[in-house]
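None of the figures in this text is laboratory data; all of them are computed from the coordinates on show. Keep in mind it's a predicted model, so treat the numbers as computed, not measured. So basically every Cβ, Gly included, is an ideal-geometry build from the backbone, and we count neighbours across all protein chains shown.
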Amino acid sequence: MSLERELVDLAARTAREAGDLARARRSEGVHLAATKSTLADIVTEADREVEALIRERLQDARPGDGFLGEESEAERGETGITWVVDPIDGTVNYAYGIPSYAVSIAAVRGDAVPGEWEALAAAVYAPVSAEMFTAARGHGAFVGDTRLSVTNETPAGALLATGFGYDPATHDGDLATVRRVMTIARDLRRAGSAALDLAFVAAGRLDGYFERGLKPWDHAAGALLVTEAGGTVSLIDCTSARPMLVAGGTEVHRRVLDVLRDET
Ligand code: LIP
């Protein structure tokens with residue numbers, strides 16, 4: 001079995017167990033553990049418990065790998081492989097009882113820096129729909145056993161998704177960006193989970209996605225789903241505090257980039 005297939009099998013097994021724990025905790029009632037960058041940037045006790053489970057399972061299976069997770073200390077490994085993990089992506093949805101949240105687990109080779117790493121395997125598991133999105137580098141992207149493919153034709157305009165950060169001071173600028181991108185869109189969705197937005201682009205349920213200010217764990221797995229489904233993903237303005245991620249079929253990706261570049 002190739003390394004990529006070994007990693008994706010481990011990622012999927014772990015994501016499923018972690019997602020089922022998250023769903024169980026949600027049914028028992030969610031407890032706020034802390035706020036982070038702003039009052040809106042929350043972490044629940046379930047976020048921390050789920051990440052601890054993921055970390056333990058991955059460490060047991062592959063001791064020596066690195067780990068970069070949203071809720072715990074980063075750890076450099078010695079195998080050249082780092083796990084990039086968002087235990088509950090869509091945390092605010094999760095806290096409010098909105099079912100659009102997912103466990104996002106990616107295995108990357110090289111430094112755990114977006115744009116520098118080589119993503120090898122990805123699993124995005126949505127516990128409420130029980131949909132498991134997976135990709136192994138060079139082997140395609142799937143939901144369950146169904147192969148995924150991005151859209152290419154958008155005669156009525158592109159169905160796009162985006163998101164907004166937790167800092168209200170950034171909302172005005174992000175809305176100005178939305179206003180510009182809407183010139184090439186048929187409509188816009190804002191579901192609240194970058195991992196699921198990217199999985200939906202890979203599945204052809206969205207034509208494209210753009211968002212400024214994502215963290216590495218928000219997009220590490222979803223970006224591989226998109227590229228293994230035939231799409232393109234770019235991270236621009238990388239030197240800024242809030243890089244912009246753009247994902248889609250090649251034509252939609254290009255058109256969004258063109259609009260964003262006209263903005264500057
Ligand atoms: C979330 C992203 C979402 C973004 C939110 C937040 P979290 O990640 O998935 O796309 O709009 O601001 O960053 O905080 O739920 O892991």
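Tabulated values for the structure
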quantity	calculated
Cα long-axis angle, helix 45-61 against the chain (0 to 90 degrees, to the nearest 10)	70
Dipole magnitude of segment 186-228 about its Cα centre (Cβ charges: Lys, Arg +1; Asp, Glu -1), debye to nearest 20	140
Among Val85, Gly115, Gly140 - extreme Cα towards positive end, dipole of segment 3-147, charges at beta-carbon	Gly140
Computed over the chain: relative contact order in percent, which uses C-alpha pairs under 8 Å that are six or more apart	17
Relative packing of 142-150, 72-80, which averages over residues the other C-beta atoms within 10 Å, highest first	142-150, 72-80
Chain lengthening between Cys238 and His139 when straightened (0.36 nm per residue, less Cα-Cα)	32.8 nm
Estimated dipole of the chain in Debye, rounded to 20 [Cβ of Lys and Arg +1, of Asp and Glu -1, Cα centre]	580
Acute angle (nearest 10 degrees) that the helix 250-263 long axis makes with the longest principal axis of the chain, alpha-carbon atoms	70
Candidates Arg179, Arg55, Arg190, ranked by Gaussian network fluctuation over the chain, Cα under 10 Å, top entry	Arg179
Residue-averaged 222 nm ellipticity for the chain, from DSSP H runs of 4+ at -39500 (n - 2.57), nearest 500	-11500 deg cm²/dmol
Cα long-axis angle, helix 216-228 against the chain (0 to 90 degrees, to the nearest 10)	70
